Amino acid sequence: MASVYLLDTTNRDGVQTARITLSKLQKTMVNIYLGQMGIHQSEMSFPFVRHEHNYIAANLELHAMGVMGDMVISGWLRAQRQDAIFSLQTGLRDFDLSMSTSPQMMQHKFKGKYTPEQVIDITVDAVRAAIEHGARSIIVSAEDSSRSDLGFLIEFAQAVKAAGACRLRYCDTLGYDTPASIAPRVRALAEKAQMPIELHCHNDLGLAVANSLAGAVAVIEAGQDAWINTTVNGMGERAGNADLVSVLLAIEYARDLRDQLPLGRPVDLRWAWTLCRYVAYSTGQKIPINQPGVGANAFAHESGIHADGALKDRHNYELFDFTALGRPEFELRPRGRIITTGEFGGIAGLRHVYSELGIEFESEEEARTILELVQLANAHNQLPLLPDELRFIARFPAQAARLLTVVPSEAAWQIVEHARPEWTMPWELPAGVKPLTLDAIPFSARDKQHLLQQPRVLFE
C-alpha cells in the first residue's frame, strides 16, 4: 500500500521568511532534531550559494557519523543545468529542481522568454545534467502548480519522470487551492504520471495543513506515495507553510486519517516540544499560545464546564495527552546565582557550565579549544547558547568550527585579492560617488524630524 512521508523544509523555505534568520549552527541543530524525530528528509540548503558550503560539508560529515539517523539531507536549486552541476560539487546528492509552470509566471515572471515547451525542455535538461553528474535523487517542483493548467502539469510531470526525476512537487505557491480543489488535481497527476507526488502548500488563506492532508489522501488513493512538505512552527514565505506538528497530530488523531495516511516510517512526536521551542528561540518568534500541540494554551482550561470536565477525565476536552509531544508538566528554572558562558566567557565559567551538563574536559588544551568555539558560536548566533548547542560543540568540535566559518577559505582569498583600494580603511568613497544625505531619502517630514534627533551619520 502507498504511504505518506514527510519532507521538512524549515532550513530552506522556512529561512526564506522575511525578518527571520537561522545561523548555520542553528540550522544544523534543526537538522539533528528532525533526524532524531524520524522525519524522512530535510531540504536543508541552497547549494548554489557559497556561504552555505561549509554548512553543507559539516552536515554531510555529521550525517555520515549517524547524528541525523538515516534522514535524507537535500538541497534546493533552480532547474538550470549550470546550477545542478555546480551544486553537486558540494557533495550533496539529493536535490529539488524548481521551475515555474503557471501562465502567470511564464508570462509575467519570465516575461514571455520561455514557451511552455521550452519550460519542459529546460527542466528536463537540468534533471539529466544532475543525474549525469552523480545526483542520487531528483525532485522537480512545479512552482505555482495550483494556477497551472492541469493538462500541461501532467505533460510536465511525464517528461521529468522520463528524464529520471523520482517525484513531482505540486506547489500551491500562493495558498490558492482548497481541499476540494487540490485533491482531484493531484489525483490526476499521480494517475497520469504514475509517480509519487509531493504537496508543498502555503498558508495565505489558512489552508496549508488542510490542503496538504487532502492532497496526500488523494495521491495515496491513486496508488502513489505522497510526500507532505512542512516547516517547524509553520514558518515560511509570507503566511508560512504547513506546520510540521499540526500535520503529524492530524495524521495521528484526526478522524480516519491514520488509516488513510499510513506513515511510511515511524515519527517520534516526543521531540516536538524541544524542536518547536528551539526554532522559536532561535528565530525570536514566539509560538502563538493557541498553536496546536505546542502553544501555551494547547492544554489550558479555564471556563467552568471545561475545567470540570478536564479534571474528571482529560478525554472530555483533549484529543491527546501533552506528554505525547514531550511537554513536561513543570519546568524549573534557577532564580538565584547563574553562571553562563559565551562570547566573552572565560575558562572557569566554561568548566562550570559544562560540568553542570555532565561534561568534563580531558586536558587544558581541549577546554581552551572548546572555549574558543563557544565564544565564536555565541558571536555567530547572537543569542545565549542552549545546553544542546553546548553539548554539540563539545562532541563535534571539528564540525562546529566548520559551521562557524561562513566564508569558504578560497572565497576569502578571492575577496582580499579583488578588493579595490577605495574599499580599504578609512572607508573613503570612490571618486564620483556622492555621499548619501538625508534629503535624498523619501522620508516623510515627521520621519525626517525624528531621524535628525538621532545620533546617526550616513556616509560622512
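Just so you know, all these numbers are worked out from the coordinates, no wet-lab data involved. As the structure is a computational prediction, the values presented were derived from the model and not from experiment. For neighbour counting, all protein chains shown are included, and Cβ atoms are generated from backbone atoms with ideal geometry for every residue, glycine included.
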Ordered by packing density, taken as the mean number of other Cβ atoms within 10 Å over each peptide's residues, highest first, how do 310-323, 30-43 rank? 30-43, 310-323
Which helices of the chain meet both criteria: a Cα extent of 15 Å or more along the helical axis and a mean Kyte-Doolittle score no lower than 1.0, with helices taken as whole DSSP H segments? 150-163, 208-221
Okay, helix-only estimate at 222 nm for the chain: each DSSP H run of n ≥ 4 adds -39500 (n - 2.57), divide by all residues, round to 500 deg cm²/dmol; what do you get? -13000 deg cm²/dmol
Hey, of (i) 24.8, 79; (ii) 22.6, 81; (iii) 24.0, 108, which did the structure itself give for Rg and Dmax of the Cα atoms in Å when calculated? (i)
Using only the alpha carbons of the range 188-287, what is the convex hull's orientation-averaged projected area in square nanometres? 6.9
Lys/Arg Cβ at +1, Asp/Glu Cβ at -1, dipole of the chain taken about the Cα centre: which of Phe46, Ala400, Ala2 is farthest positive-ward? Phe46
Full-stretch length increase - Asp256, Gln382 - with 0.36 nm per residue and alpha-carbon distance subtracted: 40.9 nm
Distance between the C-alpha centers of the range 144-183 and the range 229-267? Whole Å please. 20
Student exercise, the range 124-267 dipole from Lys, Arg, Asp, Glu Cβ charges, in Debye to nearest 20: 260
Which three lengths, in whole Å and largest first, does the range 24-174 cover when its Cα atoms are put on their principal axes? 45, 29, 27
Within the range 19-49, list the trypsin sites (Lys or Arg not before Pro) lying in a DSSP loop whose Cβ has at most 14 other Cβ atoms in a 10 Å radius. Arg19
Calculate the dipole size of the range 4-283 relative to its Cα centre from +1 charges on Lys and Arg beta carbons and -1 charges on Asp and Glu beta carbons; express the result in debye to the nearest 20. 480
Scaled to the compact-protein estimate 2.2 N^0.38 Å, what is the alpha-carbon radius of gyration of the range 1-48, rounded to two decimal places? 1.25
Filter Lys113/Lys192; Lys109/Lys161; Lys24/Lys192 down to the pairs with a C-alpha to C-alpha distance above 30 Å, please. Lys24/Lys192
Among the aspartates and glutamates, which fall within straight-line cross-link reach of Lys286, defined as a Cα-Cα distance under 18 Å, with same-chain neighbours fewer than 8 residues apart omitted? Glu237, Asp243, Glu331
Based on the mean of other Cβ atoms within 10 Å per residue, sort peptides 63-70, 171-178 so the most packed one is first. 171-178, 63-70
